[in-house]
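S.K.: Mind having a look at this structure? Questions to follow.
The values are calculated or read from the model by the stated rules, or taken from the named source; none is laboratory data. Only a predicted model underlies this, so the values are computations on that prediction, with no experimental measurement involved. We place every Cβ from the backbone using ideal geometry, glycine too, and count neighbours over all the protein chains shown. Ligands, DNA and RNA are stripped out before the accessible areas are found, and what is left, the full protein with its side chains, is counted by its heavy atoms. Shrake-Rupley method; radii C 1.70, N 1.55, O 1.52, S 1.80 Å.
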Amino acid sequence: MVLRNVFDCTILELDKHHSDRRGNLTVVENGKTLPFDVRRTYYLYDVPGGESRGAHAHRELEQLIVAVSGSFTVTLDDGHCKRSFFLNRPYQGLYVKPGMWRTLEDFSSGAVCMVLASDVYKVSDYIRTYDEFIQFRKDYE
Ligand code: TYD
């Protein structure tokens with residue numbers, strides 16, 4: 001497996017169908033929009049101010065993280081470099097490669113964080129401690 005670094009994780013612009021009168025619509029379609037097909041969608045909401053989420057990495061999972069409402073900051077860490085992304089646009093998504101330690105914080109009031117994921121929920125795909133994460137990176141680098 002080739003491990004990626006934080007600079008391989010980027011903001012993807014999603015298409016935005018704009019109508020002056022009726023508002024906006026953004027589409028994500030398998031085979032067209034993302035570098036992976038979506039097998040699971042989940043969303044975080046009602047996150048109290050000051051709370052953080054994430055603090056784990058995935059071995060194989062690819063994700064697109066979208067602030068469909070409000071804003072929050074995602075910090076990615078590949079064991080060498082950290083990169084923070086402020087997300088506040090429903091027509092942009094942060095594409096996260098496997099093997100990134102991620103932390104989500106600074107949720108605004110009413111923020112909704114939608115995550116599109118390349119696979120179903122698998123406990124075995126999670127790396128839950130930072131020490132284990134660093135070991136995982138070393139094993140594959
Ligand atoms: P967790 O991944 O720890 O959330 P976060 O990292 O954002 O803080 O998940 C919280 C709980 O939700 C945990 O008990 C597992 C459960 N969960 C599922 O059952 N299925 C899923 O797809 C996800 C993402 C979480």
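S.K.: Taking only pairs six or more apart or across chains, which ones have beta-carbon atoms under 6 Å, a first residue in the stretch 103-125 that is free of Cβ contacts under 8 Å to residues at least 40 places away in the same chain and under 25 Å from PRO48 (Cα atoms), and a second residue that is within 13 Å of the ligand (Cβ to nearest atom) and of a type outside the set (Asp, Glu)?
M.R.: Qualifying pairs under 6 Å: ASP106/PHE72.
S.K.: Cβ-Cβ below 7 Å, separation at least six or inter-chain, first residue in the stretch 51-80 and touching a residue at least 60 places away in the same chain (Cβ under 8 Å) and more than 27 Å from THR26 (Cα to Cα), second of a type in the set (Lys, Arg) and open to solvent by 30 Å² or more (accessible area, probe 1.4 Å): which pairs?
M.R.: HIS56/ARG128
S.K.: Determine if the stretch 17-26 includes at least one residue that is within 16 Å of the ligand (Cβ to nearest atom) and in contact (Cβ under 8 Å) with a residue 24 or more places away in the chain.
M.R.: Looking for residues that are within 16 Å of the ligand (Cβ to nearest atom) and in contact (Cβ under 8 Å) with a residue 24 or more places away in the chain, one finds none in the stretch 17-26, hence no.
S.K.: Hey, among LEU12, LEU25, LEU76, LEU61, which residue is surrounded by 11 or more Cβ atoms within 10 Å (Cβ to Cβ) and assigned to a loop (DSSP other than H, G, I, E, B)?
M.R.: Of the residues listed, the single one that is surrounded by 11 or more Cβ atoms within 10 Å (Cβ to Cβ) and assigned to a loop (DSSP other than H, G, I, E, B) is LEU61.
S.K.: Regarding LYS82, is this residue surrounded by 15 or more Cβ atoms within 10 Å (Cβ to Cβ) and of a type in the set (Lys, Arg)?
M.R.: Spelling it out, it is not the case that LYS82 is surrounded by 15 or more Cβ atoms within 10 Å (Cβ to Cβ) and of a type in the set (Lys, Arg).
S.K.: I need the full set of residues from the stretch 94-141 which are of a type in the set (Ser, Thr, Tyr), away from the ligand (no atom under 13 Å from the Cβ) and open to solvent by less than 60 Å² (accessible area, probe 1.4 Å), in order please.
M.R.: Of everything in the stretch 94-141, those that are of a type in the set (Ser, Thr, Tyr), away from the ligand (no atom under 13 Å from the Cβ) and open to solvent by less than 60 Å² (accessible area, probe 1.4 Å) turn out to be TYR95, SER108.
S.K.: Considering only residues that are within 14 Å of the ligand (Cβ to nearest atom), in a loop (DSSP other than H, G, I, E, B) and surrounded by fewer than 16 Cβ atoms within 10 Å (Cβ to Cβ), which ones fall in the stretch 39-49?
M.R.: Passing the criteria: ARG39, TYR45, ASP46, PRO48.
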